[in-house]
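Beneath this line is the structure, given in structure tokens, with notes to follow.
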Amino acid sequence: MHVVPTGLFIDNEFIPATNDATLELENPSTGGHLATVSAAQSVDIDKAVQSSERAFSTWKATSPSSRRDLLNTLADLIEKNAAELASLESLDAGILYRDSKGFHIPQSIENLRYFAGWADKVDGETLTIPEGMAYTRREPIGVCAAIVPWNSPLMITIWKLAPALAAGNTLVIKTPELCPLFGQKLGELIVEAGFPPGVVNILGGLGTVAGAAISEHRSIRKISFTGSRAVGSQILATSARTNLKRVTLELGGKGPSIIFADADLDNALFWAGLGITLNNGQVCIAGSRIYVQDTVYDKFVKEFSARSANAVHGDPLLPETTKGPIISAGQRNRILSFVDKGKESGATLLHGGTALDGAGHFVANTAFIDVSQSASIMQQEVFGPFASIAPFSSEDEVIAKANDSAYGLSAAIFTADLNRAFRVTEAIEAGQITVNMWGTVNANTPFGGLKESGFGRDMGKDALEEWTSVKSVKFNLMKR
Ligand code: NAD
């Protein structure tokens with residue numbers, strides 16, 4: 001049996017935290033104690049940043065082809081260790097083993113290989129100026145940090161690690177306090193892949209301690225943050241108060257799934273259902289607002305409810321389980337508090353609305369129908385298996401409703417009309433819109449939000465540019 005190291009991963013070694021500070025981890029599917037890991041303190045963050053500073057001068061000078069090869073080796077090792085990584089994500093994050101192994105891990109590998117391919121193509125432009133010529137260089141930013149959430153921890157970490165390292169930065173990663181085990185394993189794989197010490201440091205710890213110390217640190221030049229809007233705005237404010245480090249924010253969402261009457265209803269039911277039940281709706285792009293055209297509304301609602309009753313909840317490691325636990329008792333209670341808010345708003349509970357049996361934190365698939373546009377369950381991110389459904393009659397009406405949100409991360413539309421698809425995708429304010437499907441993520445396609453869903457992009461060439469600084473170099477070729 002392999003034992004995952006529990007220390008902080010700094011300089012390619014696992015070490016205890018200052019004062020032996022620890023985090024106690026719970027298995028959310030049983031409520032029982034799972035493990036104890038080190039919890040980084042402010043001093044430890046400083047130690048990690050110093051390590052990354054030492055590594056930066058050599059890493060940025062490492063040939064792009066060597067960086068490419070190391071990223072590809074890490075991809076190979078993640079593939080080889082997929083079963084263990086998926087088990088770890090199931091044990092502490094409650095993610096279904098088959099989702100982690102079948103989606104999160106392949107997505108992580110795809111991103112590593114995609115950005116490995118970019119490592120030797122981070123080029124600038126040649127420009128003509130009246131004085132002679134100029135060119136631009138895309139240079140690494142320096143010591144950067146990634147602060148990641150608990151809902152897809154490995155995949156989101158790799159979305160940041162792969163382009164950061166391809167571009168020549170060094171990276172301090174703060175793993176989520178509820179589920180840091182993937183990061184402990186990732187540290188081992190970083191060493192096995194052959195990355196020099198300090199290129200990647202991985203620290204578990206509390207957001208209010210370790211995350212806050214990263215925000216405050218004056219030697220960190222950039223933070224790529226994925227998490228809640230509340231914490232994202234704190235990080236941005238701290239950057240403004242300290243060293244104006246660059247900040248990119250991937251925050252929450254309240255994604256609309258819009259079903260027009262001409263859509264293939266069976267297909268729309270499949271994707272709209274997946275959009276709010278995948279990982280128990282603990283997904284930033286969850287399709288948590290479902291707008292259905294009035295002529296097919298009753299039919300959709302009836303079938304949507306029938307399909308959602310099929311979930312089998314239990315141990316996320318087991319193949320028969322289709323619904324894992326909510327990450328924590330706190331999150332479960334938060335989701336259930338929205339059931340009361342839904343009832344108070346006058347909406348009708350279609351199904352669910354309760355905790356499910358078992359010692360872990362299980363919540364039934366829940367949906368309200370006839371939800372008013374102003375209801376808190378139509379406006380606030382629940383981050384659970386919780387759908388708010390409402391009818392609409394016209395295209396203009398549903399576009400206005402979809403855009404009536406503080407968030408702008410994702411949207412899905414379902415229609416057989418190509419012209420309508422073009423019109424609606426253009427009109428909707430979201431960083432990602434899918435047509436006749438929900439929620440795909442691809443390594444070559446930029447991903448991120450508009451409005452209060454944040455700014456900056458993960459994945460795609462746009463993400464690579466986020467991890468570089470551009471420098472203009474100008475030559476005077478004229479005689480004086
Ligand atoms: P969170 O904001 O509570 O925590 C995210 C990370 O920030 C964790 O590592 C946490 O330890 C850290 N943190 C907490 N307080 C901090 C502080 N004061 N300073 C610095 N760091 C701090 O979010 P969460 O509950 O872990 O994740 C759920 C949220 O993440 C949801 O809102 C979801 O929509 C969002 N999310 C967004 C995306 C996206 O790509 N847009 C992807 C996944 C999740």
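Comparison of A193, A213, A167 shows that the only residue that is within 12 Å of A145 (Cα to Cα) and aliphatic (A, V, I, L, M) is A213.
Here is a yes/no grid of residues against (1) of a type in the set (S, T, N, Q); (2) surrounded by 24 or more Cβ atoms within 10 Å (Cβ to Cβ); (3) more than 16 Å from the chain's Cα centre (by Cα):
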site: S224; (1), (2), (3): yes, yes, no
site: I258; (1), (2), (3): no, yes, yes
site: D264; (1), (2), (3): no, no, yes
site: L274; (1), (2), (3): no, no, yes
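Of all the residues that make up region 161-184, how many are open to solvent by less than 10 Å² (accessible area, probe 1.4 Å) and of a type in the set (D, E, K, R)? Qualifying residue count for the region: 1.
Scan G431, G448, G439, G408 and give me the residue that is open to solvent by less than 10 Å² (accessible area, probe 1.4 Å) and under 25 Å from L112 (Cβ atoms). Spell out the reasoning first.
Working: G431 fails: open to solvent by less than 10 Å² (accessible area, probe 1.4 Å); G439 fails: open to solvent by less than 10 Å² (accessible area, probe 1.4 Å); G408 fails: under 25 Å from L112 (Cβ atoms).
Exactly one residue qualifies, and that residue is G448.
Of L34, L88, L25, L70, which residue is under 18 Å from A119 (Cβ atoms) and of a type outside the set (V, I, T)? Don't jump to the end; show me each part of the working.
On the way: L34 fails: under 18 Å from A119 (Cβ atoms); L88 fails: under 18 Å from A119 (Cβ atoms); L25 fails: under 18 Å from A119 (Cβ atoms).
Only one candidate passes the filter, namely L70.
Candidates in region 291-305 are the residues that are in a helix (DSSP H, G or I) and among the hydroxyl-bearing types (S, T, Y); of these, the one that is surrounded by the most Cβ atoms within 10 Å (Cβ to Cβ) is Y297. Out of D69, D76, D99, one residue alone is closer than 26 Å to F362 by Cβ, part of a helix (DSSP H, G or I) and not hydrophobic (A, V, I, L, M, F, W, C). It is D99. Restricting A134, A162 to residues that are away from the ligand (no atom under 16 Å from the Cβ) and either more than 20 Å from the chain's Cα centre (by Cα) or part of a helix (DSSP H, G or I) (or both) narrows the list to A134. Here N111 passes the criteria (1) of a type outside the set (A, V, I, L, M, F, W, C); (2) assigned to a helix (DSSP H, G or I); (3) free of Cβ contacts under 8 Å to residues at least 60 places away in the same chain except the one numbered (3).
For residues that are open to solvent by less than 40 Å² (accessible area, probe 1.4 Å) and on the phi < 0 side of the Ramachandran plot, tally how many sit in region 185-211. Reasoning before the result, please.
At the first step, the residues of region 185-211 found to be open to solvent by less than 40 Å² (accessible area, probe 1.4 Å) are 185-187, 189-190, 193, 195, 198-205, 207, 210-211.
With the extra rule that they be on the phi < 0 side of the Ramachandran plot, the set shrinks to 185-187, 189-190, 193, 195, 199-204, 207, 210-211.
Summing the residues that are open to solvent by less than 40 Å² (accessible area, probe 1.4 Å) and on the phi < 0 side of the Ramachandran plot in region 185-211 gives 16.
Residues that are in a strand (DSSP E or B) and more than 8 Å from the ligand (Cβ to nearest atom) within region 205-248 comprise K222, I223, S224, R246, V247, T248, listed in sequence order. Would you confirm whether or not region 452-467 contains a residue that is of a type in the set (A, V, I, L, M) and on the phi > 0 side of the Ramachandran plot? Within region 452-467, one or more residues are of a type in the set (A, V, I, L, M) and on the phi > 0 side of the Ramachandran plot. Identify all residues within region 1-39 that are in a strand (DSSP E or B) and open to solvent by 60 Å² or more (accessible area, probe 1.4 Å); write none if there are none. The answer is E13, F14, T22, E24, E26, H33.
Each residue in region 376-401 was checked for being in contact with a Phe, Trp or Tyr (Cβ under 8 Å, 6 or more places away or on another chain) and open to solvent by less than 10 Å² (accessible area, probe 1.4 Å), and 10 of them qualify. A count restricted to region 188-204 and to residues that are more than 16 Å from the ligand (Cβ to nearest atom) and more than 18 Å from G142 (Cβ to Cβ) stands at 7. Evaluate the following for E53: is it under 20 Å from G183 (Cα atoms), in contact (Cβ under 8 Å) with a residue 24 or more places away in the chain and in the same structural domain as A116 (by TED's automatic domain parsing)? Answer is no for this residue.
The values are calculated or read from the model by the stated rules, or taken from the named source; none is laboratory data. The model shown is predicted, which means the values in this text are computed figures rather than measured ones. Methodologically, a virtual Cβ is constructed for each residue, glycine included, from the backbone with ideal geometry; neighbour enumeration extends over all protein chains shown. Quick note on the areas: whole protein, heavy atoms, side chains included, nothing else; ligands and nucleic acids left out. Shrake-Rupley method; radii C 1.70, N 1.55, O 1.52, S 1.80 Å.
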